[in-house]
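Asks: Please find one structure pasted underneath; my questions will follow.
The values are calculated or read from the model by the stated rules, or taken from the named source; none is laboratory data. Every value quoted in this text rests on a predicted model; they were computed, and no experiment measured them. Reconstructed Cβ throughout: ideal geometry from the backbone, glycine too, with neighbour counts over all protein chains shown. For accessibility, only protein heavy atoms count, side chains too; no ligands or nucleic acids. Shrake-Rupley method; radii C 1.70, N 1.55, O 1.52, S 1.80 Å.
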Amino acid sequence: MNLPPGFRFFPTDEELVVHFLHRKASLLPCHPDVIPDLDLYPYDPWDLPGKALGEGRQWYFYSRKTQDRVTSNGYWGSMGMDEPIYISSTHKKVGIKKYLTFYLGDSQTNWIMQEYSLPDSSSSSSRSSKRSSRGSTSNKPDYSKWVICRVYEQSCSEEEDDDGTELSCLDEVFLSLDDLDEVSLP
């Protein structure tokens, strides 16, 4: 599931929904087919490297939508923030981004998941019920079954290195220990 050398995977929210999630839900081929299917919920977020598409310190994968977001060591809890995703040229709503955070027991961690889903369309469900009432079977995709997840560990501070990479909490602790060498003790 690796990209060729020199290629990076940094899609916008719109690209994730329109070019990847919509095609997956519609059972259309995705080129390049780089995002793997993964049942997230048996895995803790630190288990994702090697199982999901990793780009930098972010991991991407398709998963079946479920309300049960429990892993062996914790659970994903909603942060209560949902954002609509629009096509930039037409401002048509094409998806929803939900934010979740990972909890170990009752303790919130720095792991964040952005779960992208397609909006439920009452007009499409009424159209499909009209079709089924006429007796024809429709292979209309059920958009509610698939989501794309982007998982990453949020850094302790909003500051970044000079090269633009974020530091983990542990990195910041180790860097602060290096500063102790410059302090003269009495």
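Asks: At 1.4 Å probe size, with the rest of the protein present, what percent of the exposed accessible area of the range 1-78 is carbon and sulfur atoms?
Replies: Within the range 1-78, the accessible surface is 53 percent carbon and sulfur.
Asks: Rounded to the nearest 0.05, what FRET efficiency do residue 67 and residue 89 have when you use their Cβ-Cβ distance and R0 = 45 Å?
Replies: 0.85
Asks: If you keep only loop residues by DSSP, which trypsin sites (Lys or Arg not before Pro) in the range 1-90 have at most 11 other Cβ atoms within 10 Å of their Cβ?
Replies: 8
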